[in-house]
Amino acid sequence: MSELFRPTAQLKISITPECNNDCAICLNKTTRTGNKNKRILSEGKIRQLVDEGANLGMVGTYWTGGEPLIEYKNLLKLIEYSTKRGMIPTIVTNGGMIGAYGNYRELNKELLKKASLYDIDTPDIVRSLKKAGLERVYFSVDNSHNTLESPNSRVSNCVPSELVAKSIRSFLKEGFGSIHKLDAIGHQLRITATSSGMWHKPTNNIIQDVINKSGVGLKKLLTSNSSIYENKEGQILLKRLGISNVGKASTLGDNVLENKSGKNLFEICCNHFTPTNKAYDGGKYHRDLFIDWNGIVYTCGNHAYSIGNVFNESLSSIIEGVNKPKLDSEFAINRKVFHSLLVLSQNKRIGSNAIGEAFRLISLKNPELIKDIKTQCGACNCLGNNKQLQREFLKALDDNSVLH
């Protein structure tokens, strides 16, 4: 197998399309009711994928949804299985199913009972996840996921900040406030917040409310978008992300989704193309794979490049399809485009600027195509889903001089 594309980082798997939230910016395009009665990955199929990931040398599993705690019983078994296969487990959650109490608990009684969580207290849920082998937790916190309303309000499809804080406090008490020995895992307890434009202020208010209720204080400001908070029980890493132009977010206005053009567009970088030297494999490979609940495989969790379907191919076959792209499959052009971006990233002048360079090349052929592109991570998504952009990019690459 060619080593240009060899994922060795997280095998991200959406185990359910259902969620206890309805978020306009959901990267996974899942809602409380919008994805029922569709073909989803079975537990057996997921175990097979974990086996394949382990055999490929991947370092961990990353369980998401929807909200993965809706599949609590299955989640415990899958965490335990991936641990046995040497795959370090992570979950990403909005915290509502873990910390539910008060009126919120009653309003979500049906979902909690379905998940077998209605009669379990938060500390017991956390302990069971830890016992199964869970190593890392991501809390998704922003004004689309949460509300400053009390758990005793009438809000049922937005997780109150106190529920998230209650979950965080329980994970801190169980020792999740540590830093894993592998840099590829790092902080075992994280908060991620997604916002842009007019959403910055309300999201910052939500974050601060969660931080205050979690009983932690600022330890260190790492960058303008990342900080470390701590108390005597441990640390939390907070990261702020830009809104992507995916799912319901594609309908949001320009004051939320950032627009870039010209030089700004050409300078866009994505670290997924250039693994860091601190990665557990020395930065040689270290790339993720994301498998959606419907079996579609993407090169990252932003749904930018769909490269295969696990109901039709093995992961090895899909990876080989990127390394040796042929124009004779359903995912042919995406595989070719992603392969070409990896080729660009090998050029020392370009590196992590492969996306920006792609847009520069497109502008040489057809500048009208890149006017008013909505960006953030959405820039990658634009190229991953717009066939006209993709064709212009591949045409530009046919001119060998572009790399010199």
Round to the nearest 10 and give me the degree value, 0 to 90, for the angle of helix 200-214's Cα axis relative to the longest principal axis of the chain. 40 degrees
Using a 1.4 Å probe on the protein chains only, how many percent of the accessible area of the chain belongs to carbon and sulfur? 46 percent
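Per 0.36 nm of contour for each residue apart, how much would the distance between Lys326 and Lys77 grow if the chain were fully extended, relative to their Cα-Cα spacing? Intermediate results must be reported in sequence, preceding the final value.
Numbers: separation 249, 0.36 × 249 = 89.64 nm, distance 3.78 nm.
In short, 85.9 nm is gained.
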On a 0 to 90° scale, report how tilted helix 354-365 is relative to the longest principal axis of the chain, with both axes built from alpha carbons and the result rounded to the nearest 10. 40 degrees
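Leaving out ligands and nucleic acids, and using a 1.4 Å probe, what accessible area per residue does the chain come to in Å²?
Details: 16940 Å² over 404 residues.
On a per-residue basis, 42 Å².
What is the range 40-148's relative contact order, in percent, from Cα pairs under 8 angstrom and six or more apart in sequence? Could you put the intermediate results ahead of the total?
Details: 124 pairs, mean separation 33.7, N = 109.
The value is 31 percent.
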Each residue of the range 174-189 in order: what ³J(HN,Hα) in whole Hz does its phi give by Karplus 6.51 cos²θ - 1.76 cosθ + 1.60, θ = phi - 60°, with x for Gly and Pro? 8, x, 7, x, 9, 10, 5, 5, 8, 4, 5, 9, x, 4, 7, 10
Gain in length, Arg47 to Asn277, computed as 0.36 nm per residue apart minus the alpha-carbon separation, to one decimal in nm? 79.8 nm
Residue of Arg136, Arg32, Arg154 that the Gaussian network model of the chain assigns the largest fluctuation, springs spanning Cα pairs under 10 Å: Arg154
Go ahead and set up a Gaussian network model of the chain, Cα springs under 10 Å, then flag whichever of Thr90, Thr274, Thr223 fluctuates most. Thr223
Going by Cα centres, the range 87-120 and the range 146-160 are how many Å apart? 14 Å
With each pseudo-label sitting 7 Å past Cα toward Cβ, what's the Lys84-Ser178 distance in nm, one decimal? 2.4 nm
Run the simple label-point estimate for Ser316 and Asn366 please: 7 Å along Cα→C-beta, distance reported in nm. 3.9 nm
Specify the longest stretch of the chain that does not include any exposed loop site, a site being one of the GluC sites (Glu not before Pro) with a non-H, G, I, E, B DSSP assignment and at most 13 other Cβ atoms within 10 Å. 4-329
With springs only between Cα atoms under 10 Å, which of Asp142, Asp124, Asp51 fluctuates most in a Gaussian network model of the chain? Asp124
Could you tell me which label, among (i) 1.20; (ii) 1.01; (iii) 0.97, carries the value of Cα Rg over 2.2 N^0.38 Å calculated for this structure? (iii)
If you fit an axis through the alpha-carbon atoms of helix 332-346 and take the longest principal axis of the Cα set of the chain, what angle between them do you get, 0 to 90°, nearest 10? 80 degrees
Antiparallel as a % of all DSSP beta bridges within the chain, to the nearest 5? 40 percent
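The values are calculated or read from the model by the stated rules, or taken from the named source; none is laboratory data. Quantities reported herein were computed from a predicted structural model and do not represent experimental measurements. Cβ: placed from backbone, ideal geometry, glycine included. Neighbour counts: every protein chain shown. Ligands, DNA and RNA are stripped out before the accessible areas are found, and what is left, the full protein with its side chains, is counted by its heavy atoms. Shrake-Rupley method; radii C 1.70, N 1.55, O 1.52, S 1.80 Å.
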